[in-house]
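The values are calculated or read from the model by the stated rules, or taken from the named source; none is laboratory data. Values in this document were obtained by computation on a predicted structure and should not be read as measured data. Heads up: the accessible areas ignore ligands, DNA and RNA and are worked out on the full protein's heavy atoms, side chains in. Shrake-Rupley method; radii C 1.70, N 1.55, O 1.52, S 1.80 Å.
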Amino acid sequence: MKLGRNDPCHCGSQRKFKDCCAETSPNSQYQKVVGIFIFVVVGAWFLLDIYSSSKNAGSSLPTNRVWSEEHGHWHEVGVDNHSQSYSKRPPGLAPKGKVWSEEHGHWHDIVPPKNPNFKR
């Protein structure tokens with residue numbers, strides 16, 4: 001019959017097997033080595049990922065664009081956004097909740113006016 005982890009230890013220490021002789025068994029030493037190996041591999045992978053992403057951070061950003069917090073998307077650098085339309089409005093009805101922006105050449109969300117008396 002196999003000795004269970006919560007059974008009294010066979011060495012007579014009056015402790016549970018898992019707290020006494022189970023820690024020194026070859027199987028537990030193997031589990032510790034495998035656990036340490038997995039920890040090291042995951043840690044190395046994590047550090048390599050951080051290093052490679054920081055190394056490529058500058059090259060992954062568009063060089064001819066700038067992020068617009070106001071609009072929530074990229075804008076072309078050096079293009080007069082007020083005089084040039086990027087593309088023509090697609091034919092048909094506007095998608096629900098959207099309005100065409102001639103300035104940007106794509107659909108924008110409809111933003112309600114900031115009038116407190118405004119009701120939809």
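Quickly run through segment 27-58 and pick out the residues that are modelled with pLDDT under 80 and open to solvent by 100 Å² or more (accessible area, probe 1.4 Å). Hits for segment 27-58 are Gln29, Tyr51, Lys55.
Which residues, taken from segment 76-102, are modelled with pLDDT of 75 or more and either over 31 Å from the mean Cα position of the chain (by Cα) or not in a loop (DSSP other than H, G, I, E, B) (or both)? Selection gives Lys88, Arg89, Pro90, Pro91, Gly92, Leu93, Ala94, Lys98, Val99, Trp100, Ser101, Glu102.
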